[in-house]
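Read through the structure below, which is laid out as structure tokens, and then see the notes.
What follows is calculated from the coordinates using simple rules that are stated; it is not laboratory data. Quantities reported herein were computed from a predicted structural model and do not represent experimental measurements. Glycine also receives a Cβ, built like all others from the backbone with ideal geometry; neighbour counts cover every protein chain displayed.
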Amino acid sequence: MRTRILVVDDELSMREFISILLEREGYEVLTAADAETAQQRLAASNIDLVISDVQMPGLNGLELLARIKETSPETAVLLITAFSTAEQAVEAMKLGAYDYLAKPFKVDEIKILVRNALEKRDLRIENRQLRERACVAEGYAGIIGASQRMRELFELLRKLSDSQTTVLILGESGTGKELAARAIHEGSQRNGKPFVAVNCGAIPENLIESELFGHVKGAFTGAVGERPGLFEQAGGGTIFLDEIGELPLSMQSRLLRVIQEREVRRIGGNSTKKVDVRLLAASNRDLALQIKEGSFREDLYYRINVMQVMMPPLRERIEDIPLLVQHLIKKHSGSTGIVTSEALKALMAYQFPGNVRELENIIERSLVLNREKITIDTLPPQVRGAVKRFDLNALIDIPEEGIELEPAIENLEKQYLVKALEKSGGNKTRASELLGMSFRSYRYKLSKYGLAAEGD
């Protein structure tokens with residue numbers, strides 16, 4: 001459907017001039033000789049833009065503008081007049097006019113104003129719709145999403161909140177594993193007690209035992225007093241061991257005993273102390289593979305993997321990207337922002353190897369470059385190029401007799417899996433990188449489609 005513009009002017013020559021000019025630009029143009037007729041046109045048709053003279057018999061252009069903003073607030077309005085005054089211009093802008101143009105005007109000037117007014121209108125409508133969707137889908141406990149994958153995740157998190165069982169949260173970096181752990185804690189009966197998050201990969205190996213279990217005075221050089229460990233500090237609440245796969249084997253055996261006995265012994269101490277904590281753990285590593293390699297204890301794995309939560313990567317829930325973008329704009333700018341359709345298309349085509357964390361970095365960067373709106377030019381090069389790399393029209397075709405969608409999608413996915421393996425010279429790690437997916441996901445897909453032998 002073409003963009004529809006209504007030209008309102010009591011001068012026939014001006015109506016015809018503007019109509020011809022805009023029709024040559026590809027717009028559908030309606031006309032009215034006065035404000036009353038203009039209101040009838042507006043009631044009968046969806047009008048995207050009104051170009052109105054100010055001085056007309058009956059209702060003038062400013063009065064028409066006020067009526068339009070009452071009945072059709074999304075319609076853009078551009079006012080023109082031969083008798084321009086500063087007071088009129090101020091009044092027009094207060095009433096919601098996009099701009100105020102004095103006669104005589106140049107052809108190129110009105111073309112640019114019309115194009116800009118329509119673009120701003122479209123952006124305003126798009127972003128209003130995004131905000132409405134964001135309000136409907138507030139997500140769960142700080143996790144933003146409305147897709148089927150996320151709704152299923154939220155339901156699982158609610159159920160896990162009602163239990164006391166140990167949970168293992170798996171997922172790539174940046175998918176929100178700590179947010180999921182916090183959601184479980186906040187929804188549980190322990191929510192009034194501490195939530196202690198520990199990044200197991202960020203603590204030096206010689207300090208991690210003291211951090212987790214504490215020490216007594218004189219236990220080692222520098223131990224000038226007693227110090228409770230993080231397990232004790234989380235008493236009554238929840239301890240979250242992030243990146244548990246990075247724990248050294250010696251610590252894994254001590255952790256296993258704490259889980260089994262529900263008690264800790266401080267370094268250098270002679271007695272144990274009971275601890276009442278719920279354990280949640282997370283990893284972006286393939287723990288099953290680590291068990292085979294001998295870097296992770298199998299008995300510990302089964303202790304922490306009583307219930308499992310899989311955090312989906314962002315590329316597998318692209319329908320949530322508009323909601324996340326609006327949420328992140330508000331987080332970093334303090335208000336709702338504008339995202340052009342071109343920029344949103346690029347973001348939804350990008351694979352996001354860094355997931356939501358990478359998206360947040362991109363949004364924050366874009367807002368530094370342009371506080372008013374996020375455009376394709378404010379996005380980093382790898383995102384701008386995503387649309388070109390993901391041109392569906394070049395990939396798909398539907399024959400006259402039609403197709404079965406699911407087998408067609410599976411076939412296309414298999415072709416990409418094999419092609420990536422060929423391009424990487426049989427290196428599965430490199431093949432998974434070419435497809436923007438984790439090694440574990442790639443290996444699973446190969447097995448799913450019976451292609452594992454091709455990767456040997």
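Are there trypsin sites (Lys or Arg not before Pro) in the stretch 227-328 that DSSP puts in a loop and that have at most 15 other Cβ atoms within 10 Å, and which ones?
Answer by residue number: R262.
Fewest first, what order do L118, L446 take by the number of other Cβ atoms within 10 Å?
On the way: L118 18, L446 22.
Ascending Cβ contact count within 10 Å gives the list L118, L446.
Which FRET efficiency value, to the nearest 0.05, is calculated for L249 and V306 with the Förster distance at 22 angstrom and r the Cβ-Cβ distance? Write out the running numbers ahead of the final one.
Working: r = 21 Å, r/R0 = 0.98.
Rounded to the nearest 0.05, the efficiency is 0.55.
Which residue, chosen from T31, A66, A102, occupies the Cα position most advanced towards the positive end of the dipole of the stretch 4-134, where the dipole is computed from +1 (Lys, Arg) and -1 (Asp, Glu) charges on Cβ about the Cα centre?
In the stretch 4-134, that residue is A66.
With charges set only on the Cβ (+1 for Lys and Arg, -1 for Asp and Glu), what does the dipole of the chain come to about its Cα centre, in debye to the nearest 20?
Values: 61 positive and 66 negative charges, 429 e Å.
The dipole of the chain has a size of about 2060 debye.
Compute the FRET efficiency between M93 and E186 as 1/(1 + (r/R0)^6), taking r as their Cβ-Cβ distance and R0 = 60 Å, and round to the nearest 0.05. Each step should come with its number before you reach the end.
On the way: r = 46 Å, r/R0 = 0.77.
Step by step, r from the Cβ atoms, then E = 0.85.
Given the C-alpha atoms of the stretch 296-380, compute the convex hull and give its volume per residue in Å³.
Numbers: hull volume 10.5 nm³, N = 85.
About 124 Å³ per residue, rounded to a whole number.
Hey, what number do you get for the chain at 222 nm if only DSSP H runs of n ≥ 4 count, each worth -39500 (n - 2.57), divided across all residues, to the nearest 500? Each step should come with its number before you reach the end.
Working: 20 runs with 219 residues, N = 456.
So the calculated ellipticity at 222 nm is -14500 deg cm²/dmol.
Which of A408, Y449, G426 sits farthest toward the positive end of the charge dipole of the stretch 401-455, with +1 on the Cβ of Lys and Arg and -1 on the Cβ of Asp and Glu?
G426
For K414, K423, what's the fewest-to-most ordering of other Cβ within 10 Å of each Cβ? List each step's numbers first, then the result.
Details: K414 16, K423 13.
Taking fewest neighbouring Cβ atoms as first place, the list is K423, K414.
Using packing as a proxy for protection, rank 19-26, 237-244 so that the peptide with the highest average count of other Cβ atoms within 10 Å comes first. Numbers along the way, then the final one.
Working: 19-26: 13.2, 237-244: 22.9.
So the peptides 19-26, 237-244, ranked by packing, come out 237-244, 19-26.
So if I take the centroid of the Cα atoms in the stretch 52-118 and the same for the stretch 218-262, what is the distance between those two points in Å?
Here the answer is 69 Å between Cα centres.
Relative to the Cα centre, what is the charge dipole magnitude of the stretch 401-455, using +1 at the beta carbon of each Lys and Arg, -1 at the beta carbon of each Asp and Glu, and rounding to the nearest 20 debye? Intermediate results must be reported in sequence, preceding the final value.
Values: 9 positive and 8 negative charges, 96 e Å.
That gives the stretch 401-455 a dipole magnitude of about 460 debye.
How far, in degrees from 0 to 90, does helix 439-448 lean away from the longest principal axis of the Cα atoms of the chain, to the nearest 10?
90
Ranked by Cβ crowding within 10 angstrom, fewest neighbours first, how are V167, V258 ordered? Write out the running numbers ahead of the final one.
Numbers: V167 25, V258 20.
In order of increasing Cβ crowding within 10 Å: V258, V167.
Simple spin-label model, 7 Å along Cα-to-Cβ: V107 to K274 in nm?
My value for the distance between the label points is 9.0 nm.
Match the structure shown to one of the listed values [x] 98, 57, 37; [y] 80, 51, 36; [z] 107, 64, 50 of Cα extents along the principal axes in Å, computed from it, and give that label.
Computing Cα extents along the principal axes in Å and matching it to [x] 98, 57, 37; [y] 80, 51, 36; [z] 107, 64, 50 gives [x].
Taking amide hydrogens as modeled 1.01 Å from N in the peptide plane, which residues meet the under 5 Å criterion relative to Y140, leaving out close sequence neighbours?
G145
For the Cα atoms of the chain, what angle does the longest principal axis make with the long axis of helix 86-95, in degrees from 0 to 90, nearest 10?
The answer is roughly 50 degrees.
Once label points are set 7 Å from the Cα along Cα→Cβ at both K217 and S13, what is their separation, rounded to one decimal in nm?
In this crude spin-label approximation the distance works out to 10.1 nm.
For V77, what residues show an amide H to amide H distance below 5 Å, using hydrogens built from the backbone and excluding near sequence neighbours?
Result for V77 returns V50, Y98.
Let me test this: with uniform point scatterers at the alpha carbons of the stretch 229-276, what is the Debye-based log₁₀ I(q)/I(0) at q = 0.29, 0.33 1/Å?
-1.30, -1.35
Taking H as built 1.01 Å from N, whose amide H comes closer than 5 Å to the amide H of I169, not counting residues under 5 places away?
Correct list: A281, A282, S283, V309.
What is the sum of charges, Lys and Arg at +1 and Asp and Glu at -1, for the other residues whose Cβ falls under 11 Å from the Cβ of L434?
Numbers: positive: K419, K423, K428, R430; negative: E422, E433.
Around L434, the charge tally is +2.
Provide the net charge surrounding H332, with neighbours chosen by a C-beta distance below 14 Å and charges set as Lys +1, Arg +1, Asp -1, Glu -1.
+3
Using the charge dipole of the stretch 254-359 (Lys, Arg: +1 at Cβ; Asp, Glu: -1 at Cβ; taken about the Cα centre), state which of M311, I259, L347 has its Cα farthest towards the positive end.
Of M311, I259, L347, it is I259.
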